[in-house]
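One structure below.
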Amino acid sequence: MNPRDAQLALDNIRSYQDVTREEIVRRLFPLPHVLLSALGLFATFASTDLENPWRTVALVIGLGLYTGVWIMCTYSNSVQRKPSRRELGVYLALSASLLVVFSITRIAAFSLFGIPAHGLLSQGVVAGAVAALTYVALTPLARRAMRRIIHQGDGRD
């Protein structure tokens, strides 16, 4: 192999790496999966104010939907890779922000609007709806952060 062939092979490898990274980024947070995940989060958060047989049912359905969408997104990709620490940090920050939004909204629903703790329109339902909308609103920012992380070299820490 002469130096020109070796350089051509390296250029092809870099090109395929860029295509692979673009495929990974393209598959992050697709809109149908985001909406289904938001619905699962809403069911999970809204279940906090339900009575016991319904609380368990709503919690299982919500977490099942959210987890099922996550598994489908993760394992249906044509490109599999192990997430880096920074990618896990983005996921953890997104999760923590949703819990903070849920908690603050629940407190505000009671103190500012006097929404009851139980019933169809309860603090958990209102806070769950706000947390689900926040999730939908934050996914473009999370996608952008993940794109930067993935395109920075190997994206490994």
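Bear in mind these aren't lab numbers, they're just calculated from the coordinates by the rules spelled out. Here the structure is a predicted model, which is why all the values come from computation and not from measurement. Every residue, glycine as well, gets a Cβ built from its backbone with ideal geometry; the counts of neighbours run over all protein chains shown.
General observations
- 0 to 90° range, to nearest 10: angle between helix 123-151 axis and the chain longest Cα axis: 10
- MRE, 222 nm, helices only [DSSP H, n ≥ 4, -39500 (n - 2.57), over the chain, to nearest 500]: -27000 deg cm²/dmol
- Note on Cα Rg over 2.2 N^0.38 Å: of the candidates (i) 1.37; (ii) 1.43; (iii) 1.15, the value calculated from this structure sits at (i).
- Relative contact order of the chain, defined on C-alpha pairs under 8 angstrom at six or more residues apart (%): 31
- Each Lys or Arg adds one and each Asp or Glu takes one away; over the other residues whose Cβ falls under 14 Å from the Cβ of Gly128, this sums to +1.
- In a simple Cβ point-charge model (Lys, Arg +1; Asp, Glu -1; nothing else charged), the chain has a dipole of about 320 debye relative to its Cα centre.
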